[in-house]
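The values are calculated or read from the model by the stated rules, or taken from the named source; none is laboratory data. What you see is a predicted model; the values in this text were computed from it and never measured. Virtual Cβ from ideal backbone geometry, glycine too; neighbours counted across all protein chains shown.
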Amino acid sequence: MNADAVEAMRPGRVMLAPYLLIPLVLSGLWGPIDSVGAFAWQYLEIFLVTTAVAGSVQLSLVFALPKLGGLRPLAFWIAMTAIVIASTIVGSELGSQAMALVSEYEVAQVRSGILRVALVVALVMTMISATVHTLTAEIRYAERAALQAELRALQARTDPHFLFNSLNTVAALIEEDPVKAVDVLERFSDLFRYALEGDGPTVPLREEVRAVTDYLRVEEMRLAERLAYDITIDADCEEVLVPRFMLQPLVENAVRHGIAPRTSGGHIEVRATGEADHIVVEVSDDGGGDGTATAGNGVALQELTQRLKLLYGDKGRLKTEGSAAGFRVSVRIPR
C-alpha cells in the first residue's frame, strides 16, 4: 500500500466508512425486520451507538498512538487495550444517551445489546486504526531512508567538487609562492577533515562558519589585498542546524566569479540573522556586472536548493539577487 492509499484512510476519509457500514451490517443481523421503515429506524438507533463508540475510540487512538510508539511491545498493547476499553465504555454511554432520545425502549432494557454493538465497533475501529498507524510508520521510515540516500548522493557530488577546486588553488600557489603553498596545505587539511569526517546532513551553523573562515583565509593568501571579507553571525543562530557544506560553495562562487576576475578585487560579506521560527544566512559580494557571472555556472545553487527541499520541504528557501552592485544569495533555514 502506498502513501496515497494510507493518506486516504486517515480520519475524515475512508475512516468514515465504518460509521455507515457497521450499522447496516448489524441491522441486517439483529433480527427479523417487518418493514423498510422498521429497518431504517433500527439502523438509526445502531448508527447513533456506532458513531459514539467509533468516534470515541478513533479520537483516543489518533491522539494516543503517536505517543505510544516508543513503548516496548508488551507495554504498548497493554496501554492500547486500556485506552480502547476506556473509550468504548465512554462511547457506549454516550450512544445510550443518544439512543434514548429517539428509541421507544428504556436504555436499561437494551443495554446488553448496546454493549454488543459497542464491542464490535471498538474491535473494528481498533484494527483499522492500528493498521493505518503501522502502515504510516513504515512509509515514513521508507521516506526517511530515501531522503538520507538522496542527501548522501548530493553530498558525494559536493565534497569532490570542493576538494578539486582546493587542489587547483594549491597548484597555482606552488609556482607563485612555495612557502604560502605549504601554509595553504596546512589550512586545507582542516577543511579536508571537515569535508570527509562529517557523518550527517546537517551541522551547527558555527561549524560551517569555522570551515568557511578557513577557506577565506586561504583565498586571502592567494589574492592578498584584492580580497576583503566580513562575517557577522547573531549569537542565537550559532547552534541552529544547517545543511553541511552550505556556506563554502556559496563563498567559493563569490570568490571565483565575483572577486578573482576583477583586478581591483572586492568584498565578501557573510551574515546570519535570526527570527522567531527561522534564520536567514546571506552571502554577498560587490562584484561588478549584472550578477550573472557572479552566480557562476549555478551548480552550487542548484544542489543547495535540492538539499534544502529534501531537508526542510517548503520551509527551506534560497533566493538570489544580482545587480550592478554585486550578487547576493539568501538562504532561509527553519529553527
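Here is a yes/no grid of residues against (1) under 15 Å from ASP234 (Cα atoms); (2) part of a loop (DSSP other than H, G, I, E, B); (3) at pLDDT below 90:
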{"site": "ASP290", "(1), (2), (3)": "no, yes, yes"}
{"site": "THR294", "(1), (2), (3)": "no, yes, yes"}
{"site": "LEU301", "(1), (2), (3)": "no, no, yes"}
{"site": "LEU310", "(1), (2), (3)": "no, no, yes"}
{"site": "THR320", "(1), (2), (3)": "no, no, no"}
{"site": "ARG328", "(1), (2), (3)": "no, no, no"}
Hey, GLU238 in contact with a Pro (Cβ under 7 Å, 6 or more places away or on another chain), assigned by TED's automatic domain parsing to the domain that holds ASP285 and surrounded by fewer than 17 Cβ atoms within 10 Å (Cβ to Cβ) or not: yes
Can you tell me which residues in segment 166-191 are farther than 30 Å from ASP236 by Cβ and crowded, with 16+ Cβ neighbours inside 10 Å? SER166, THR169, VAL170, LEU173, LYS180, ALA181, VAL184, LEU185, PHE188
Scanning segment 242-274 residue by residue, the ones that are part of a helix (DSSP H, G or I) and farther than 14 Å from ALA300 by Cβ total 1
